[in-house]
Amino acid sequence: MAITKQKKAEIVEKVEGIAKQAKTLVFANFKGLTVAEQNEMRKSLRAQGIGYTVAKKSLLRRALGSAGFEGQMPELEGEVALAYGPYSAEASQGKEDELAPARELGSFVKKFPEHLAFVGGVFGGKFVGREEIISISAIPGMDALRAQFVQLINSPLQRFAVVLNAKAEKGE
């Protein structure tokens, strides 16, 4: 069934609003996902403060073309969904994670590799391709990065303490 002009205008307006507010947009091809898998994914993304919507490719192109992003929009093929964020109340409090949409969607790309794939996205105000979104999705979150940094700092001290302990035991 065809979508009315009014409904198309609403969808374009919604995507334009998303493009203005969200820090990161990720395009994903989702062909073959079951309703249960999509519901699981939407629930998990929502819990992380990430929005997920599906729109026709022509409407996405129209809405994002007027958003003024730099570069060339990636080729959208198949059934395309849009993950975006941060959009939650936490984002307005300065706890936003611009990498979260790519990272969280990336976990589902790994979980459903035959049905879900990255297509491209918008990061830092520029259109980026599939490979760049894949590399962005591999970057861990801030909590994990802080933990890795603390471990990096703590490691030499820990080794030094082990050496001193061994020397003390040997000397006694």
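None of the figures in this text is laboratory data; all of them are computed from the coordinates on show. Source: prediction; values computed, not measured. Methodologically, a virtual Cβ is constructed for each residue, glycine included, from the backbone with ideal geometry; neighbour enumeration extends over all protein chains shown.
Odds and ends about this structure:
- Taking region 5-139 and dividing mean pair separation by its residue count, relative contact order in percent (alpha carbons under 8 Å, at least six apart): 35 percent
- Here's the list of lysines a cross-link from K111 could span, going by alpha-carbon distance under 21 Å and ignoring same-chain residues fewer than 8 apart: K31, K43.
- Across region 130-136, computed HN-Hα scalar couplings (Karplus, 6.51 cos²θ - 1.76 cosθ + 1.60, θ = phi - 60°) run 4, 5, 5, 5, 4, 5, 5 Hz from first to last residue, x flagging Gly and Pro.
- Per-residue HN-Hα couplings for region 46-53 [Karplus 6.51, -1.76, 1.60; θ = phi - 60°; Hz; x = Gly/Pro]: 4, 5, 8, x, 10, x, 9, 9
- 14 Å cut-off, amide nitrogen to a point 7 angstrom out along A144 Cα→Cβ, residues in region 38-70: none
- Relative to the longest principal axis of the Cα atoms of the chain, the long axis of helix 5-21 lies at roughly 30 degrees.
- Cβ crowding within 10 Å ranks M73, M142 as M142, M73, fewest other Cβ atoms first.
- For V35 and Q6, the difference between the fully extended length at 0.36 nm per residue and the C-alpha to C-alpha distance is 7.8 nm.
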